[in-house]
Amino acid sequence: MQAQIAVKNLAKTYHCRKLFYDLSFLVKNNTVFAVIGHNGVGKTTLLRVICNLVPATSGCVEITVGDRLLSAAERRAALGLVSPELELYGELSAFENLEFFSGVRGIVFNREKAREILEYVGLKGRGHDLVSTFSSGMMQRLKFAHALFHDPQILVLDEPASNMDGEGVALVREVIRHQRERGIVIMATNEQREASYADQTLSLA
Amino acid sequence: MRTRHFLLLKRSCAVLQKDLRVEFRTRYAYNTLMMFAVTVLVTVSFSVGGMILESEIAAALLWIILFFSAMAGLSRTFVQEEESGTVVALKLAADPEPVYLGKLLFNIVVLFSIAAVVVPLFLIMLNLSVAMPLSFVLVVLLGCLGLAGASTILAAIVAKAAVKGALLTVLAFPVLLPLLIGAISATRSTLAGVPLEVLRPDLGLLLFYNGMMVTASLLLFDYVWNE
Amino acid sequence: MFWQIMLGIWMAGVIAASFLMIRPIQGLGELGRIFIYHVPAAWVAVLAYLMAMANSACYLRSRDLRFDRQALVNAELGTVFCLLATVTGAVWSKAAWGWYWNWDPRQTSIFVLLLIYGAYFVLRNAIPDIDRRARLAAVYAILAFLTVPFLVFVVPRAYASLHPDLAMVNVVQRRLEMDLPMLLVFLASLAGFTGLYFWLYKVQVSLENLLCEQTVREELR
């Protein structure tokens, strides 16, 4: 299924301050799209608007999969987000987190698949530990597992390599490469290295 | 249509199950709430000492205890999501309705289990006898349902406010007043013993209030939950 | 300007008429005159609250902050008139029944209205973000409004048994045989208060709109 994101005349004003204004771009399938810019120019806010977490002041974001324009509910199924402001439940184990999020999405929980994805992000054998015992790097890996678990067409990454060691950085690259084949990656980053993975770059100022 | 409702129920239960699991492991809400309820109960029981209470006063005291206990703990479940940042993950994964219903069910479970301890203790400590036990239980259950039904959406509002403190109590009191008056009146009747016809309008009121509050909350919750 | 002066003359006329044109009411004596101010104030308090509720619903539909400002103004005006109605009611209650406050059904309902307004303002103060404040306050206004019909039904039921005699007075007062001059003065006062409300509303809304424009301009500078 071909995914596509069309951003049309998007503007966001926050407390009377214009973050961005009349922003339009098109992201086609099999693309890595990077948003770069200094701190406070609105990278994270742009991602929030794309994920429908905050409303835009004007303009719109249209996400299509195949020929279908997605509704707000369908968008939730098509998006996966890794972000510093998204946290998982510390009182649950990694498995239980994945199980819960499958439950509220209405997906049948596949234990085998959960095991595989935890292994893929490098959390093999830690699946039954409480998430509150995880280090910040492990937490970041779990967030990747959580974002990928429902096979989203679009992966949204905000500072994807934060708290990651060398192996983790390789994981990020691998995830981006893999997701590019399957759909779209949108990421906000300050790292030169990650920006270099991008096919298309937007510089906010 | 039926499958949609079934799916909604299943997702709501997923939220409920998650909340119960978290609560069972941490006992954040439950321990505080229970101690709070018992503290209020003991305070009341101390202050009225060995007096023989009329059913009118006893009914009012019981609902004051339950009201303040509910207010002390029911906002916890939303506030915790907001404070720990899990709200983003939940918002991204779930539709608003299952979140509301799941939290509502959780609050009902918590409140019922509080009432199951506090109400018998109340009857024992104040040395009260109940003339119509079955109706009494029904009234307490309906009243607790109403407390949870009205305060769940208010708790979601409170969780978004910068200053939380006693906000839930302030917001909830005017909204809950009809329920409290109805519940006190019905409790008084069941303590003293009246013909069923006298009790019926109060029960009807409690039922109708519950239905209206839950429906209105379902319709309005989307505006609270999503920015 | 013309209408403001007319309104001033009208209200002055109502005040004068309330002392000159009405004969002391049977059973209430001179006290009955307060009714000319009390009932219209209560009416405006309820009207403003209804308007605030409607504004809130409009805000949720359109997300236009103008409606939020209108709701705020309505809530503020409603509080002022609600306080007036409560105080005039309490004064009358002291003189007629012997105490300022006794949880008569009417007093209870108006007091709950005050509580709702109070909670509404507390909620607004607790949320710094403008859009969020507007949204949550609107939801609260609607929710609280839904409980008002319950109060109308449930409060008299619960308290009538405690104060049957006092409830009687209320019924009598409502059924007071108004003679023509009194009815006229009452209706004139009702119209005057409503006019006063709409004028205050207009002034306050334009003030709020100007303040908002000013903040926007300052922020942009």
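The values are calculated or read from the model by the stated rules, or taken from the named source; none is laboratory data. Values in this document were obtained by computation on a predicted structure and should not be read as measured data. Counting neighbours? That spans all protein chains shown, and the Cβs are built from the backbone with ideal geometry, glycine included.
A few points about this structure:
- Hits in the stretch C:153-184 (condition: surrounded by fewer than 17 Cβ atoms within 10 Å (Cβ to Cβ), more than 9 Å from chain B (Cβ to nearest Cβ) and modelled with pLDDT of 60 or more): C:178, C:179, C:180, C:181, C:183, C:184
- In the condition set (1) touching a Ser or Thr at 6+ places or on another chain (Cβ under 8 Å); (2) without any contact (Cβ under 8 Å) to a residue 12 or more places away in the chain; (3) part of a helix (DSSP H, G or I), residue C:5 is compliant with all but (1).
- Looking across the stretch A:34-53, the residues that are in a loop (DSSP other than H, G, I, E, B), within 11 Å of chain B (Cβ to nearest Cβ) and not aliphatic (A, V, I, L, M) come down to A:51, A:52.
- Looking across the stretch B:10-28 at every residue that is surrounded by 15 or more Cβ atoms within 10 Å (Cβ to Cβ) and over 20 Å from the mean Cα position of the chain (by Cα), the one that is nearest to the other protein chains (Cβ to nearest Cβ) is identified as B:14.
- Qualifying residue in the stretch C:193-203 (condition: surrounded by 13 or more Cβ atoms within 10 Å (Cβ to Cβ) and within 14 Å of another protein chain (Cβ to nearest Cβ)): no
- Among (1) more than 14 Å from chain C (Cβ to nearest Cβ); (2) closer than 20 Å to residue B:34 by Cα; (3) under 17 Å from the mean Cα position of the chain (by Cα) - the single one residue B:143 does not satisfy: (1)
- Residue under evaluation residue B:223, criteria (1) under 20 Å from the mean Cα position of the chain (by Cα); (2) closer than 25 Å to residue A:54 by Cα; (3) among the aromatic types (Phe, Trp, Tyr), criterion not met: (1)
- Test result for residue C:61, assigned to a helix (DSSP H, G or I), within 20 Å of residue C:196 (Cα to Cα), among the basic types (Lys, Arg) and at pLDDT 90 or above: no
- Subset tally (residues that are surrounded by fewer than 22 Cβ atoms within 10 Å (Cβ to Cβ), in contact (Cβ under 8 Å) with a residue 12 or more places away in the chain and at the interface with chain B (Cβ under 7 Å from one of its Cβ atoms)) for the stretch C:129-152: 2
- Of all residues in the stretch A:163-205, those being of a type in the set (Asp, Glu) and surrounded by 18 or more Cβ atoms within 10 Å (Cβ to Cβ) number 1.
- Selection count where residues are among the polar types (S, T, N, Q) and either more than 14 Å from every other protein chain (Cβ to nearest Cβ) or touching a helix residue (DSSP H, G or I) at 6+ places or on another chain (Cβ under 7 Å) (or both), scope the stretch C:204-221: 3
- Residue match in the stretch B:158-168 (condition: assigned to a helix (DSSP H, G or I) and facing chain C (nearest Cβ under 8 Å)): yes
- Set side by side, the residues B:186, B:172, B:192 differ, and just one is surrounded by 15 or more Cβ atoms within 10 Å (Cβ to Cβ) and within 10 Å of chain C (Cβ to nearest Cβ), which is B:172.
- Qualifying helices (runs of 4 or more DSSP H) (wholly inside the stretch B:29-129; at least 1 residues being in contact with a Ser or Thr (Cβ under 9 Å, 6 or more places away or on another chain), polar (S, T, N, Q) and within 14 Å of chain A (Cβ to nearest Cβ)): B:76-84
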